[in-house]
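The structure under discussion appears below in the form of structure tokens.
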Amino acid sequence: MVVLKQAEVRATGFSRGLGGFADGLERSFSICLGMKKLLKLGLISSVLLAALPSFSAQVAILRNGFTIRHERSDLIGANTRLYLGSDNTSFVDVPTAEIDHFEPDLTPPPAIAAQSPSSATSLQEAVLGSSERYRLDPDLVNSVIRAESGFNPRAVSPKGAQGLMQLMPQTATNLGVTNAFDPKANVDGGTRYLRELLERYNFDLVKALAAYNAGPQRVQRYGGVPPYYETRAYVARIVRDFNQKKLAEQKAAQKQPPKNAVTPHPTTTSTSASR
């Protein structure tokens, strides 16, 4: 049932300007796709426009029209470093000249926080069902949902993408999803689409995620991840979240005793102990 499994994560080095996605702060990770394909993802280090660090969640509006949500920023030389999370391990370097302005992040909190336990359970049942149907790791599907909508089933992007997995209307129609705000239908359509992209790119997860975000035509045009900061940050965010889940699973499994381990029973006599 499960196709994607992560094996390891390591980070080395810093990015070098605009070419940093391939060369810089490299996070190499391996993902087992039935045949255990090795994928490598390079993250460019992110930067912000302010000379002093900014700590409130903001959105950087780039001159090309794309946006990057970040938690804080630093000015580093001619670049601005945008930190994508609350820690310092995930960031993107953007030339300061490419940033038009900043706006406060007014995105409402994820709707799942206000959902009843039964609603959250239903969502995870939908994720598990779709993951099994299309043979994907449910942790990967959850990581995509987190990046796309923050688990908000009513989310709508400025470009018109809808629901948990942010399906564009035409994409939803092609997938047979008549109501993109129906969590079960949206997750099923999004998971199916992600599976189709993985097959299209020979199970290259990085290319599949880039196509999910920017469109297959742009991945084809650039022969890989398009040179859009938003897409690069999107791919990095999902891979990092997915890898963290797999590492947590591995650590938890290491703490468990082997399934066939024998627990010795206390003995009461020297005779029984010698048998």
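Computed from the coordinates by the stated procedures, all read-outs in this text should not be read as laboratory data. Everything numeric in this text was worked out from a predicted model, so none of it was measured. Neighbour counts run over all protein chains shown; Cβ positions are idealised from the backbone, glycine included.
Under the condition of being aliphatic (A, V, I, L, M) and buried (at least 24 other Cβ atoms within 10 Å of the Cβ), which residue from region 176-193 is farthest from the chain's Cα centre (by Cα)? Within region 176-193, the match that is farthest from the chain's Cα centre (by Cα) is VAL177.
Selection of region 205-230 for residues being surrounded by 21 or more Cβ atoms within 10 Å (Cβ to Cβ) and touching a residue at least 24 places away in the same chain (Cβ under 8 Å) yields LEU205, VAL206, LEU209, ALA210, TYR212, VAL225, TYR229.
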